[in-house]
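What follows is a short report on a single structure.
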Amino acid sequence: MATDIVIAQTTIDDEGRAEALARGAVEARLAACAHIDPPFKAVYWWQDAVRVEREWRISYKTTRDRLPALAEWVAAEHPYEVPQWIVLPVDGGSEAYLGWVAAESGPRTEAR
């Protein structure tokens, strides 16, 4: 069952910045929620060298409609020159949860 819900992910090297990126996107109603994973080691190529750094992963739950605005917001707020930005489709889930994500990812309306 395909849905209009996606999980978008980025990483960052500071727990406080991770919380700011998560909170800011949720407060702006670009995502219904954001999970911050505990720190992990990232091993990657950057500027002709292999780097090993500690990072936190932020997973945003949002809709395909809100995804472009979320991507633009994260790009503007993120300090990395080339931040990770990947999008994973949500192929199923409870109707109640998926409905909640859809409702809370959009602008606030008078009826809420």
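Which of the residues that make up the stretch 69-81 are free of Cβ contacts under 8 Å to residues at least 12 places away in the same chain and among the aliphatic types (A, V, I, L, M)?
Applying the first criterion (free of Cβ contacts under 8 Å to residues at least 12 places away in the same chain) to the stretch 69-81 yields 72, 75-76, 81.
Listed by number, the residues that qualify are 75, 76.
Which condition does residue 26 not pass, out of (1) closer than 20 Å to residue 107 by Cα; (2) over 12 Å from the mean Cα position of the chain (by Cα); (3) β-branched (Val, Ile, Thr), if it passes all the others?
(2)
Scanning for something in a strand (DSSP E or B), over 12 Å from the mean Cα position of the chain (by Cα) and closer than 15 Å to residue 83 by Cβ, does the stretch 2-16 turn up at least one residue?
Looking through the stretch 2-16, none of the residues is in a strand (DSSP E or B), over 12 Å from the mean Cα position of the chain (by Cα) and closer than 15 Å to residue 83 by Cβ.
Output the residues belonging to the stretch 82-112 that are in a helix (DSSP H, G or I), in contact (Cβ under 8 Å) with a residue 24 or more places away in the chain and more than 15 Å from the chain's Cα centre (by Cα). Talk me through it step by step, then tell me what you get.
Step one: filter the stretch 82-112 for residues in a helix (DSSP H, G or I), giving 95-104.
Imposing the further condition that a residue be in contact (Cβ under 8 Å) with a residue 24 or more places away in the chain reduces the set to 98, 100-104.
Matches in the stretch 82-112: 98, 100, 103.
Which condition does residue 55 not pass, out of (1) surrounded by fewer than 16 Cβ atoms within 10 Å (Cβ to Cβ); (2) over 12 Å from the mean Cα position of the chain (by Cα); (3) of a type outside the set (A, V, I, L, M, F, W, C); (4) modelled with pLDDT of 95 or more, if it passes all the others?
Failed condition: (1).
Scan the stretch 8-67 residue by residue and report those that are more than 16 Å from residue 79 (Cβ to Cβ), of a type in the set (D, E, K, R) and in contact (Cβ under 8 Å) with a residue 60 or more places away in the chain.
Within the stretch 8-67, 29, 64, 65 meet the criteria.
If I filter the stretch 26-49 down to residues being farther than 22 Å from residue 96 by Cα and among the β-branched types (Val, Ile, Thr), which single residue comes out as surrounded by the fewest Cβ atoms within 10 Å (Cβ to Cβ)?
Once the filter is applied, the top-ranked residue is 43.
Among the residues of the stretch 58-92 satisfying the criterion of being within 17 Å of residue 107 (Cβ to Cβ) and among the hydrophobic types (A, V, I, L, M, F, W, C), which is surrounded by the most Cβ atoms within 10 Å (Cβ to Cβ)? Working first, answer last.
Step one: filter the stretch 58-92 for residues within 17 Å of residue 107 (Cβ to Cβ), giving 60-70, 72-73.
So of that shortlist, the ones also among the hydrophobic types (A, V, I, L, M, F, W, C) come out as 67, 69-70, 73.
Details: 67: 18, 69: 16, 70: 24, 73: 17.
Ranking the qualifying residues of the stretch 58-92, first place goes to 70.
Among (1) acidic (Asp, Glu); (2) surrounded by 15 or more Cβ atoms within 10 Å (Cβ to Cβ); (3) more than 13 Å from residue 67 (Cβ to Cβ), which single condition is residue 4 missing?
In the conditions (1) acidic (Asp, Glu); (2) surrounded by 15 or more Cβ atoms within 10 Å (Cβ to Cβ); (3) more than 13 Å from residue 67 (Cβ to Cβ), residue 4 misses (3) alone.
The values are calculated or read from the model by the stated rules, or taken from the named source; none is laboratory data. In this text the structure is predicted, and so the values were computed from the model without any measurement. In this analysis, Cβ positions are derived from the backbone assuming ideal geometry, glycine residues included, and neighbour counts consider all displayed protein chains.
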